[in-house]
Amino acid sequence: MPPRRQSQASQTKGKQPAQETQDDSDEETQGGRSGPLTDADIESRAGMLVRLALFQEYKRIPIRRTEVAKQILPDNTRAFPLVFARAQTILRDTFGCELYEIRARGKGESTEDPSQTQAMTQTQKKGKGKGRQPNRGLDAIDEEEEEEDEEEEDATITQKVKRETGTKVYILQNILPGKIIEAMAEPAPLPHGIEVEGDDDDSGALLQWDKGDGGIIGHVGLLGIRTLILSLVLCHNRIINDDHLHALLRRLNLHRETVLPYASKDTTDPHLTLDKYLELLAKYQYLEKIKNPGPMGQAEGGTVEWKWGSREAEFSSKAAAKFMEEIMLGKEGESDSEEEDEDQPRRRGRGAPRERASRPQKRQKLRDDIIKAAGGVPLSGRD
């Protein structure tokens, strides 16, 4: 008896996984509905992507791959890797920055207690066997355990695929070395007696922070407040209660309704209050605002917490630690001879001199304390 011929629907169903795999692999190759791009087309589209990245970054709006495909590559979406690579080269060589893929919301570095996580895992494992019916025999129990193992393995594979896929959302990240930025920000005023036309407040620095950003949060004073807030969040296990944060800021005379007397010279927006500034930091993804419901899931009685946002690539935890270190101990490499001279008379008056920790030892101790305050997770990013 000849074998039955499969129906067309079943054949199509069997080919779908292979076809989806082929489409995914083709996504990373050149070509599209309009055919492959020429070198001139790639150069032109890369320039368009660079302009889009600069404009969006000025407004603090991340760039999505879907938006790039819609505006720049509507008929050649498969050529995205080539255009993206060329745009990265232009950004690095010309502007000293690059497109960086940010993490998803709520996916920051974990600071959970390992023992607590282990206890939860054991509880979940125990809970899996509660629904088993008694007296079903060892074979039935073994089958259930095998099914559970397969489900766990499938979930792990799915998580790995999601992690490898990424968010496909990008921001511009500076790649210039810190020493070059410091040198560019050094004032270089003209000698006395030389008259110039234009802005008399020009410091002569190549990089002027007060003119670098014309946005509503672009003033250098607001940049300092943002750095302070992120440092406080970092040192409170990377997440801080809203009331606790404001209690700390009140010590600096920064209240919720305090009008921050800082605004960029190029903006026409009114001055911000502290609460409004925090909301903007959350909007632009420097901070992440977490609203916890109250009792019985009601909105009343809920709490608000703040944690680092997905723009941590712009200001990393290492940069925050360096900021605190320079405030407390000065810049690395500075001489501490004056401090030694001040301590000498007091040492002699006490009788037996005590060993004094050197500046490098103090720095290392401070760095270790910051890591502990940040939940024990190693600091990451650029400093």
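The values are calculated or read from the model by the stated rules, or taken from the named source; none is laboratory data. What you see is a predicted model; the values in this text were computed from it and never measured. Heads up, the Cβs are rebuilt from the backbone with ideal geometry, glycines too, and the neighbour counts pull from every protein chain shown.
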Checklist entry - Can you pull out the residues in region 264-314 that are in a loop (DSSP other than H, G, I, E, B) and either under 23 Å from Leu172 (Cβ atoms) or of a type in the set (Val, Ile, Thr) (or both)? => result Ser264, Lys265, Asp266, Thr267, Thr268, Asp269, Tyr284, Gln285, Tyr286, Gly309, Glu314
Next on the checklist: Quick check on my filter: what residues within region 291-310 are hydrophobic (A, V, I, L, M, F, W, C) and surrounded by 15 or more Cβ atoms within 10 Å (Cβ to Cβ)?
Outcome noted: Trp306, Trp308
Checklist entry - What number goes with the only condition from (1) more than 16 Å from Tyr284 (Cα to Cα); (2) surrounded by 13 or more Cβ atoms within 10 Å (Cβ to Cβ) that Arg64 does not pass? => result (1)
Next on the checklist: If I filter region 213-221 for residues that are surrounded by 10 or more Cβ atoms within 10 Å (Cβ to Cβ) and either part of a strand (DSSP E or B) or modelled with pLDDT of 85 or more (or both), do I get at least one hit?
Outcome noted: yes
Item to check | Residues of region 73-84 satisfying the condition of being within 26 Å of the chain's Cα centre (by Cα) and buried (at least 16 other Cβ atoms within 10 Å of the Cβ) | outcome: Phe80, Leu82, Val83, Phe84
